[in-house]
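Every number in this text was worked out from the coordinates using simple rules, so none of it is lab data. In this text, all values refer to a predicted model and were calculated from it rather than measured experimentally. Cβ: placed from backbone, ideal geometry, glycine included. Neighbour counts: every protein chain shown.
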Amino acid sequence: MAKVEITVNGRATSAEVEDRTLLVDYLRENRNLTGTHVGCDTSQCGACVVHVDGKAVKSCTMLAVQASGSDVQTIEGLAGDDQLHPMQEAFRNNHGLQCGFCTPGMIMTAVDMVNRLGPKLDEKTIRAELEGNICRCTGYHNIVKSIAEGAKQMGKGMKKAAE
Amino acid sequence: MGIEGIGARVLRKEDKRFITGKGRYTDDHKVAGMHYAAFVRSPHAHAKIKKINIKDASKMSGVVGIFNGKELTGDGIGNIICGWMIHSKDGSPMNMGAWSALATEYVRYVGDAVAVVIAETQAEATAAAEAVDVDYKVLKAVINPEEAMADKAPQLHPEAANNIIYDWEIGEEAATDAAIAGAANVVEMEIHNNRLVPNPMEPRSALAQYDAAEDHFTLHTTSQNPHVARLVLSAFYQVAPENKLRVIAPDVGGGFGSKIYIYPEEIVCLWAAKKAGVEAVKWTSDRSEAFLTDAHGRDHVSKATMGFDENNKIVGFKVDTIANLGAYMSLFSSSVPTYLYATLLSGQYNIQNIHCNVRTVYTNTAPVDAYRGAGRPEATYLVERMMETAARQLGVDPAELRRANFVTEFPHQTPVIMCYDAGDYGASMDAAMEAVDYAGFEKRRKKSAKKGMLRGIGMSCYIEACGIAPSAAVGSLGAGVGLWESAEVRVNPVGTVEILTGSHSHGQGHETTFGQLVSDRFGLPSENIQVVHGDTDKVQFGMGTYGSRSGAVGMSAIEKALDKVEAKAKKIAAHMLEASEGDIEIKDGEVSVKGTDKKLLWHEVCLGAYTGHNLPEGMEPGLKEGAFYDPTNFTFPAGCYICEVEVDPNTGTTTIEKFVAADDFGKIINPMIVEGQVHGGLAQGIGQALMENAVYDESGQLLSASYMDYTMPRADDLPSFDVSTTETACPGNPLGIKGCGEAGAIGSPPAVINAITNAIGHNNLSMPASPQNVWAAIKAGE
């Protein structure tokens, strides 16, 4: 057993977990944050993407103990108190989801994409950057549109913050 | 949110919970006393079980029970059924072998469940399952269906000699042979439709609860049709009587057909919860188990012959198909290569003579059943590859050959059961050709050639049958169930509305579109409308969602119930306003007398219905109506897809430069959602055409059993799509809906392959057109 101390969505959490506990299992089972999903067992599908210290990580491929001391953000922590994150809004406005299962991972990946590459994302870049996220419902068409729009809105937010 | 009725691009109500991580899928549910199941699965494709040794495993930490197939059948749990009886052409019923949820004597595919371990944690269950020691006598396996029919092939089931399940036919063979014999030109092809793994992103999961005091079960499960699951679990598997079993399909993360069926794991979790004396048992598939045990799709091999007269009119079409159904007959497996397939072989064309023979075969592979399109993609792929090949052989433009053979008068009776009710195939073709700039292709081809690239264009004019189906019709064809749908509209005393539906949404957006019907009818804002589905304790009954039936059938049931609600509300309002019932109008949330200023607010009428203070003589209080809708015909969505590709002759890599879809879905309730359905279907069809393939080795090991090996289409494999619709209303149902859920997957594979074969200059190419296969085809030439 190992003790982990992880800040999850701004709140300090700690628990004794088996050494082999994956970060995704810590989030889903210990913290009851079931918005982070498990869609495969080979680290391919990206349904489990969360942010660890501000970077997108597949939480099925990281041990909880490796995240100890880190700041983890999940889909549940993305929206503000009263309003959705612009990327969440964009997915809804552009019908970027159907069954919703891949969506949390898609949104967390998309936010990370904008954080790394800036708000001006062309279609080719978005498609290439989605290499680690699989969706079976949408054919990606509206996900690509959503991310382009979400990035633009995030850019406006960044600009406003800078002013 | 406002009042947004039929035809509006209403954003989805359900999205809020999905984009904030608050969706509640089966595996997200936790209950007190929950234990976990892990299955012991066969590593062999074919073997006799000699002994199951659980001595070490049962002593392991957390284990509360380990059970096998003999205990399961000993407790009276019934074998898994196939719900559609097919008779061979000699009149004999299909040869169905027994399928127990846990194998008793033999295992017949890799992944076949042999035993289940129930333990306190998932990790403990998994560890103990690995420690169960099964002694097998390994038998020779057969994977290829043609080899399976040979006399000396390994036999899977004693009931099916030569592993043949049935040998079925449709159409007139002699007339078709004669027509082809007299044809001016004959086109022949052998066509393989590759095996696919459905892969909804949410793996299957079951959470079975047993309440010993009430002797009552509750099952949360990843199902497209919870009522059918309850019926089958009760009536055939004897898990519990229907009144003692509640089935809930909560948020479900995609299905594509693979979540229609009642799988062994659901049966076993229910049975094992009671057997082990625990309150609840949960099992969630990992992706590897999903690859091994979810019902696969397609897997046909066909020989096709099409005859043309001197004016290039089709005179006859003959098809001989072998369909691989895997190791056991899944719930609707028998219907897919027969009534969902061969009945569509007329395509969009006027063909007087069609004959199709189908043999279905057992092999040591995962069971095969309906996957998005189910039979119709296989038919479309045959017809549309034949048409393209014929055009090249006859030296005519593929569009013109199709146009010359289109059905143009309706209703049109085909020689293979279907009676097409409405359509305008030329309109879809015109729209697609314009969108892709068909005329400008030659210029683009030359431009590609200058870069050393091969450019190709390919077309597919599909037709499919949705809205399954008229109950009496499918009953006469062997279906074990009726395929109507039910709905209930509950108007609350304050005027808000709940729609209870037997359809199930697992990505289709029913919570939004079904509400649009109510908004449209009564002028109510969408926030006042709630759609309830997926719970057998709430909704009376329903047949579920598959076969693009929820619009054409499910919404029709809602319309029928709304008719009754409207009629009663008008009676009440007429009485309250002292007017004639025929003069009452309900609009924008108001109930008024036409041509006067007399009116009531909608909720005043609803409240009146519930107070019962002032109702017409003899009227029952309340405002709640139910309806069962049984369709009068199939519906026939149709369209034209055109794909333009660039192939790199040095690597065999195909890039889709353009993909254009022009569909006729009849009346559209929400264009945004319809477009989304088309996009998703196209991705699955293009995936089949370019990359997806379930491959077994000779010993029956599934080689493509993970996302490292089975190529799922990713964002950078696909283009953005150009989709549009034309509309001919469907005369068969009150809303004029045809259905849109599967069209993309049905119509797209032949468009892609026709484009690639156009680029490489010959027709000798099979799916998937992976770079390796295309490169080899280029090198091999004709």
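Key figures for this structure:
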item: Stretch in chain A that is longest and holds no trypsin sites (Lys or Arg not before Pro) that DSSP places in a loop and that have at most 13 other beta carbons within 10 Å; result: A:21-119
item: DSSP-assigned coil residues among GluC sites (Glu not before Pro) in region B:672-766, each with at most 14 further Cβ atoms within 10 Å; result: B:698
item: Residue mean of other protein chain beta carbons inside 10 Å, B:21-28; result: 6
item: Pairs from B:48/B:259; B:303/B:658; B:48/B:140 whose Cα-Cα separation, in the structure shown, is over 19 Å; result: B:48/B:259; B:303/B:658
item: Cα-based reach from residue B:538 at 17 Å (exclusive), listing aspartates and glutamates while leaving out same-chain residues under 8 positions away; result: B:242, B:251, B:485, B:488, B:498, B:511, B:625
item: Relative contact order for region A:2-77, counting Cα pairs under 8 Å that sit 6 or more residues apart, in percent; result: 41 percent
item: Shape parameters for the protein assembly as shown, alpha-carbon atoms, Rg then Dmax in Å; result: 28.1, 86
item: Taking region B:568-629 and dividing mean pair separation by its residue count, relative contact order in percent (alpha carbons under 8 Å, at least six apart); result: 28 percent
item: Simple Cβ-charge dipole of the protein assembly as shown, Lys/Arg +1 and Asp/Glu -1, about Cα centre, in debye nearest 20; result: 1280 debye
item: Too-long pairs where the Cα-Cα distance tops 29 Å, listed order kept, from A:152/B:30; B:313/B:446; A:55/A:152; result: A:152/B:30; B:313/B:446
item: For chain B, alpha-carbon Rg relative to the globular expectation (2.2 N^0.38 Å, N residues); result: 0.99
item: Fraction of alpha-carbon pairs over 18 Å apart in region B:662-760 - percent; result: 58 percent
item: Charge dipole of the protein assembly as shown about the Cα centre (unit charges at C-beta), most positive-ward option of B:718, A:65, B:256; result: A:65
item: Listed residues A:56, A:90, A:12, most fluctuating in chain A (Gaussian network, C-alpha, under 10 Å); result: A:12
item: Projected area averaged over orientations for region A:2-77, convex hull of C-alpha atoms, nm²; result: 4.2 nm²
item: Separation between Cα centres of region B:487-542 and region B:739-782, rounded to whole Å; result: 42 Å
item: Rel. contact order, % - alpha carbon contacts under 8 angstrom, at least six apart, chain A; result: 24 percent
item: Mean Cβ count within 10 Å, highest first, over the residues of peptides B:56-62, A:48-54, B:360-366; result: B:360-366, A:48-54, B:56-62
item: Selected from B:93, A:85, A:140, residue furthest toward positive end of dipole (the protein assembly as shown; charges at beta carbon); result: A:85
item: Inverse of mean 1/r across different Cα pairs in region B:484-629, Kirkwood, Å; result: 15.5 Å
item: Hydrodynamic radius (Kirkwood) for region B:216-348, which is based on Cα pairs only, to one decimal in Å; result: 17.8 Å
item: Among B:492, B:507, B:608 - extreme Cα towards positive end, dipole of region B:484-629, charges at beta-carbon; result: B:507
item: Whole-Hz couplings from phi, Karplus 6.51/-1.76/1.60, listed for region A:8-22; x for Gly and Pro; result: 10, 6, x, 10, 6, 10, 8, 6, 8, 10, 4, 4, 7, 4, 7
item: Per-residue average of Cβ from other chains inside 10 Å of A:122-134; result: 3
item: Estimated dipole of region B:599-694 in Debye, rounded to 20 [Cβ of Lys and Arg +1, of Asp and Glu -1, Cα centre]; result: 300 debye
item: 30 Å Cα-Cα threshold exceeded, pairs from B:89/B:152; A:3/A:120; A:58/A:120; result: A:3/A:120
item: Rounded to 5, the percent of DSSP beta bridges in the protein assembly as shown classed as antiparallel; result: 80 percent
item: Whole-Å distance, taken between Cα centres, linking region B:131-161 and region A:56-128; result: 47 Å
item: Calculated [θ] (222 nm, deg cm²/dmol) that DSSP helices of n ≥ 4 give over chain B, each run adding -39,500 (n - 2.57); result: -8500 deg cm²/dmol
item: In region B:436-532, trypsin sites (Lys or Arg not before Pro) in a DSSP loop with at most 12 other beta-carbon atoms within 10 Å; result: B:451
item: Dipole magnitude of region B:484-629, debye to nearest 20 (Cβ charges: Lys/Arg +1, Asp/Glu -1, about Cα centre); result: 160 debye
item: Alpha-carbon centroid distance for the pair region B:582-608 / region B:379-453, whole angstrom; result: 52 Å
